[in-house]
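Here the structure is laid out as structure tokens; the discussion comes afterwards.
The values are calculated or read from the model by the stated rules, or taken from the named source; none is laboratory data. These numbers were taken from a predicted model, which means no experiment stands behind them. In this analysis, Cβ positions are derived from the backbone assuming ideal geometry, glycine residues included, and neighbour counts consider all displayed protein chains. Each accessible area value is taken on the protein alone, full model and side chains, heavy atoms only, with ligands, DNA and RNA left out. Shrake-Rupley method; radii C 1.70, N 1.55, O 1.52, S 1.80 Å.
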Amino acid sequence: MAEYYNLIKYFHYLCFISWMAFLFYQPRLYVYHAENMDKPDFVRVVEVQEYKMYHYIGWVALIGTFLTGILIIVAMPELLRSGYVHVKLTVVVILAAFHLDLGRYMVQLREKRCNKSGMFFRAYNEVPTIAMVIIIWMMVYKPF
């Protein structure tokens, strides 16, 4: 399996970038949704975008990221002896929880039960940015 390490890592990066794109954009859609509740035609369009992003891009990218990440560990199990990998995996678990929370907000917005403002979703949109900075720092500098 080790001979496929670079190929697996290549697909892991592609999946991770796609997942991050979803994690950056989905909360932005919620900003538009929350700030335009008085425009039903606009909200219907945003709801379609939210649904498609969440189900067709977000989940596919998350699953691809996780599967290729597992394959990387299988190919190079010694990575688990590195502290930076544990930090990275912890942040990935936080991102997965964030992903699930985005799904919860999507349902609440669609059912008009969400009391969060556009400003809340603007701030919430910073979570994946902070996570990405930590993950990339761990991967480049391997501090532990």
Set T68, T129, T90: member being part of a helix (DSSP H, G or I), modelled with pLDDT of 95 or more and touching a Cys at 6+ places or on another chain (Cβ under 9 Å): T68
Do any residues in region 47-65 that are under 19 Å from K112 (Cα atoms) and surrounded by 12 or more Cβ atoms within 10 Å (Cβ to Cβ) have Cβ atoms under 7 Å from those of residues that are of a type in the set (V, I, T) and at pLDDT 95 or above, where the two are at least six apart or on different chains, and which pairs are they? none
Restricting to region 20-30, what's the tally of residues that are closer than 18 Å to R104 by Cβ and open to solvent by less than 30 Å² (accessible area, probe 1.4 Å)? 6
How many residues does region 31-44 contain that are surrounded by fewer than 15 Cβ atoms within 10 Å (Cβ to Cβ) and in a helix (DSSP H, G or I)? 4
Consider only pairs whose beta carbons are under 8 Å apart and that are at least six residues apart or on different chains; among these, list those whose first residue lies in region 10-38 and is more than 30 Å from I70 (Cα to Cα) and whose second residue is open to solvent by 80 Å² or more (accessible area, probe 1.4 Å) and part of a helix (DSSP H, G or I). V31/R122; Y32/F42; N36/F42
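For the condition open to solvent by 20 Å² or more (accessible area, probe 1.4 Å) and on the phi > 0 side of the Ramachandran plot, what is the one hit in K88, K112, K116?
Values: K88 fails: on the phi > 0 side of the Ramachandran plot; K116 fails: on the phi > 0 side of the Ramachandran plot.
Answer to the selection: K112.
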